[in-house]
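Below is one structure; the comments refer to it alone.
Derivation of every value follows stated rules applied to the coordinates shown; laboratory data play no part. What you see is a predicted model; the values in this text were computed from it and never measured. Neighbour counts run over all protein chains shown; Cβ positions are idealised from the backbone, glycine included.
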Amino acid sequence: MTEDILSKEKPSAVLVAINIDHNLDFDEDVAEAVSLAESYGYKILQVITANRARPDPHYFVGSGKLDEIKTICDSLKPKVLLINHNIMPVQERNLDRILTDIRIVDRTQLILDIFAARVTTNEGILQIELAQQSYLATRLVRRWTHLERQRGGYGMTGGPGEKQIELDKRAIADKIVKLRRRLDAIVKQRDTQRKSRLKNGMNSVSIVGYTNAGKSTLFNALTKANVYAEDRLFATLQTTSRHLFLAENNEIVISDTVGFIRDLPAKLVAAFRATLEETVHANLLLQVVDMSHSTRERHITDVNNVLKDIDADGIPQLIVYNKIDLVDEIEPHIEYNDLGQPIAVFLSAQNNLGLNLLRQAIIEKLTDINATNTQKQQDLVYEPWKIR
Ligand SMILES: Nc1nc2c(ncn2[C@@H]2O[C@H](COP(=O)(O)OP(=O)(O)OP(=O)(O)O)[C@@H](O)[C@H]2O)c(=O)[nH]1
Ligand SMILES: [Mg+2]
């Protein structure tokens, strides 16, 4: 697939999106799917949509829709049929059988392809390889039963394919173990760096959020760094950290991270552990939200779900509503809760609006967090005396 991107000519695709169970945000989901596909470099020839209560177990789509897809593909001859869902291996196998000569790419595969085409660091390459191997492991049976059928041995036990599946499974398992080991070494090295920072009493703040929310733009505006920011999904694939002076005697380490998206498969998230390690160990998360986006509240839920997957849901958060320049009648400000603690900051990273308020809110929030932690430590120390 990387060849397609390098050959400059955009690979053509037909996109299938099914509205399952009357999803009210379906139009936004389709728009996001188109962005995601274009972000890889696909030229979308046509979008096919349908409504279903639940996916068809055999083909994901119903039989009428399948006929329509086949007719459209016969006439437009796309290279790829993109399905904006994570489909099961059996559904992929059945579609493959009907739509010969067209590669079936589901949502996970598309995200993996985007990452694989863009990744540049050694760590990133290892992580993508790990994610691809984990994904491949679930699809092995499909590939081999497919070959078996061609040889006329389908359904038989102990055939050459079955033996090969076993061998392939073992080879993949070995590869996964080796990749994990190499990634663990990277994590360990970072651990040492982090511990030395902790010794210096430095707080670590991680910028997280939905893809394209403006995390890298905010990071650049705060640190004067030059991280790549662009109006495309998954512009950032690795973590960048910088020291940031908030005030006199108040220096933190701040990190820009990979963006999240709805339905990010847990395996993929797990493969990105090394990159997300900075987030997992942060004292504070700045969750950047695109204020101008119609489904911003759902983005917050999606991001919180991924944070749960990586065990970072217990870390205190400050919500940063970005891009207020695109919304009418919102001035930069800090929102406080009843206890007078900051919970959200409204700003525009691109227009340098409200950045000082964000610095102020980070200082206040970190002061609260550190006071709570000191209290907790004191409680721990005095606990035995209390019991006596
Ligand atoms: N109007 C407006 N656009 C903004 C603002 N902040 C960022 N953007 C734009 O939003 C797009 C995405 O910005 P990025 O900073 O790359 O977003 P990101 O969250 O890092 O995205 P990923 O790395 O892909 O997850 C870019 O085109 C930015 O110029 C803002 O305050 N106002
Ligand atoms: Mg970014």
Worksheet item: Going by how many other Cβ atoms sit within 10 Å of their own, how do Thr223, Thr211 line up, fewest first?
Response: Thr223, Thr211
Worksheet item: How much FRET efficiency would the formula 1/(1 + (r/R0)^6) give for Lys10 and Asp101, where r is the Cβ-Cβ distance and R0 is 22 Å, rounded to 0.05?
Response: 0.75
Worksheet item: Given the chain, what percent of its DSSP beta bridges are antiparallel, to the nearest 5?
Response: 25
Item to complete: Kindly flag which residue pairs out of Lys43/Lys323; Lys79/Lys188; Lys79/Lys175; Lys77/Lys163 have an alpha-carbon separation exceeding 32 Å in this structure.
Response: Lys79/Lys188; Lys77/Lys163
Worksheet, complete the sentence: For the chain, the longest principal axis of the Cα atoms and the Cα long axis of helix 122-151 enclose an angle in degrees, to the nearest 10, of 20
Item to complete: Evaluate the distance, in nm, between pseudo-label points positioned 7 Å from the Cα of Lys77 and of Ser292 along their respective Cα→Cβ axes.
Response: 4.1
Discussion item. Could you list Val345, Val253, Val47 so that the one with the fewest beta carbons within 10 Å of its beta carbon is first and the one with the most is last?
Written reply: Val47, Val253, Val345
Fill in: Förster radius 41 Å - calculated FRET efficiency between Asn200 and Asp325, Cβ distance, rounded to 0.05
0.65
Item to complete: Using only Cα atoms, find the angle between the long axis of helix 355-387 and the longest principal axis of the chain, and express it within 0 to 90 degrees, rounded to the nearest 10.
Response: 80
Discussion item. Which residues among segment 197-237 fall inside the zone where the amide N is under 17 Å from a point 7 Å beyond the Cα of Asn249, along Cα→Cβ?
Written reply: 200-203
Worksheet, complete the sentence: Quick calc: nm separation of the 7 Å Cα→Cβ label points for Asn19 and Val280 -> 4.0
Worksheet item: Based on the Cβ-Cβ distance of Arg182 and Val90, what FRET efficiency does E = 1/(1 + (r/R0)^6) give at R0 = 25 Å, to the nearest 0.05?
Response: 0.15
Discussion item. As I understand it, the value is the acute angle between the Cα axis of helix 26-40 and the longest principal axis of the Cα atoms of the chain; what does it come to in degrees, rounded to 10?
Written reply: 80
Response to the item:
By the C-alpha gyration tensor axes a ≥ b ≥ c (rounded if a/c is under 1.5, else prolate when a/b exceeds b/c, else oblate), the shape of segment 226-343 is rounded
Practice prompt. Would you mind ranking Asp184, Asp256 so that the residue whose beta carbon has the fewest other beta carbons within 10 Å leads the list?
Written response: Asp184, Asp256
